[in-house]
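Here's the structure, in structure tokens; my notes come after.
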Amino acid sequence: MTNHRITSPNDLALDELCSLLAEQAIEMDRTGQWPAEQLRLCGQYGVYEWFIDPAWGGQGWSEEQLVRGYLALSAACLTTTFILTQRTGACRRIAGCGNQSLKERLLPGLATGELFATVGISHLTTSRRHLAKPVLTADAIPGGFRLNGMSPWVTGAAAADAIVLAATLMERGEATDRQLLIAAPSDTAGLRVAEPLPLVGVSASSTGPVHLDGAEVSDEWLIAGPVPNVMASGVGGTTGSYETSTLAIGLAKAAIDYLAGEAANRADLTEPMSALRAEHERLLDDLLGTARGDAGCTRESLRQRANSLVLRASQAALSAAKGTGYVVGHPAGRWCREALFFLVWSCPQPVSAANLCELAGIAV
């Protein structure tokens, strides 16, 4: 085993790490246990450094480099890579804020893997934002904020040292149009991590609600706000813009590679495998172009095509595997369940509508 950190997407150590992650993915899917060893390996191989500036002990990879790294990792183990995106979302929010002492407190440990952070902010961008009473509220108190309510979708909260939360500011018992982002320490009194939800796929990600009952968090943990539309305030706001599409494309590659292996001995699989491979290559070119800042493909179009491809590629792999693939423990069955994840996780309404039309055979 190599002992050097991954310093580029072309590093042979990345291939080595991906082999280790792929080997462990089957048992993790069977047991649903939190991938502590996989995340430890990511730290050992320097993966956490990719996303953090050298000033804080990171490597500061470019967007294209990060996409290539994500593609390799998601093809090996989607669950581990999904957890990594939530950790990275927290890191970017912290790194992009103006709270220097918070960055000094958290970023060096996040770069090494000594610390783990995650995010609970999706309720500000999903249908829950339209509720009469926000699901998570903040009241200003001397020196900080008192949080009440819940964050419904938090990944790995039980393992986190800090959780980046989004809350709506209250005044005299009424919700305002201002929100804030704050990194709540996981040992904050009044913060309770609920049992994770039994998901169809990526269940080992330990995703579920975090409840806050009068949890008081001081200003020293504040990331942004209170301001209107804090998610668009520019504090790490690009996180996830095409990240989820990247994971879908990585998973699709794993399924297509499996199909190619089967096609070596089964001529009937060659034509469908080749068609899926060509579609993947076109989509990959557009993804990398987006990462470089090219304007040739909208991110919604990219997501819709990625969703479509990963669903069809995973089902093609299952069809090729036949009954063996339908037995728990075979990767083809896991890929099919994991592909469903992309229909629901951070999926914009136009993308969801386009996917529904495709499933119904309606031209769009």
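A few points about this structure:
- Cα shape, region 1-129, gyration tensor, a/c 1.5 rule: oblate
- From the coordinates shown, Cα Rg over 2.2 N^0.38 Å corresponds to which of [x] 1.26; [y] 1.07; [z] 1.00: [z]
- Going by accessible surface with a 1.4 Å probe and the largest first, HIS123, HIS330 read HIS330, HIS123.
- In the full protein context, the chain carries 44 Å² of accessible surface per residue, based on a 1.4 Å probe and ignoring ligands, DNA and RNA.
- Scaled to the globular estimate 2.2 N^0.38 Å, the Cα spread of region 246-298, given as radius of gyration, is 1.32.
- At an R0 of 35 angstrom, the distance between the Cβ atoms of ALA275 and GLN33 translates into a FRET efficiency of 0.40.
- Accessible surface of region 2-64, 1.4 Å probe, proportion on carbon and sulfur as whole %: 48 percent
- Within the accessible area of region 248-306 (1.4 Å probe), percent carbon and sulfur: 49 percent
- The figure for TYR70 is an accessible area of roughly 10 square angstrom, using a 1.4 Å probe on the protein chains alone.
- Carbon + sulfur, % of accessible area of region 86-177 - ligands and nucleic acids excluded, 1.4 Å: 50 percent
- Cα-based shape type of region 212-364, given that a ≥ b ≥ c are square roots of the gyration tensor eigenvalues and the cut on a/c is 1.5: prolate
- Between TYR326 and ALA363, the modelled label-to-label distance comes to 3.5 nm, taking each label 7 Å out from Cα in the direction of the beta carbon.
- The alpha carbon gyration tensor of region 68-145 gives principal lengths a ≥ b ≥ c with a/c of 1.5 or higher and a/b no greater than b/c, which makes the shape oblate.
- Summing charges over neighbours of ILE94, with a neighbour being any other residue whose Cβ is under 12 Å away from its Cβ, gives +2 when K and R count +1 and D and E count -1.
- Remark: spin-label model distance ALA353-ILE141 equals 4.4 nm, labels positioned 7 Å along the Cα→Cβ axis.
- Helix screen, the chain: DSSP H segments with Cα axial length of 24 Å or more and mean Kyte-Doolittle hydropathy at least -1.0 are 12-31, 78-95, 243-263, 270-291, 299-321.
- Helical runs (DSSP H, four residues minimum) scored at -39500 (n - 2.57) apiece and divided by the length of the chain put the mean residue ellipticity at 222 nm at -15000 deg cm²/dmol.
- Other-chain or far-sequence residues with amide H under 5 Å of GLY120's (modelled H): VAL164, LEU165, ALA166
The values are calculated or read from the model by the stated rules, or taken from the named source; none is laboratory data. All of these numbers come straight from a predicted model, not from anything done at the bench. Cβ atoms come from the backbone with ideal geometry, glycine included; neighbour counts cover every protein chain shown. Side chains are part of the model used for accessible areas, which takes the heavy atoms of the whole protein and leaves out ligands, DNA and RNA. Shrake-Rupley method; radii C 1.70, N 1.55, O 1.52, S 1.80 Å.
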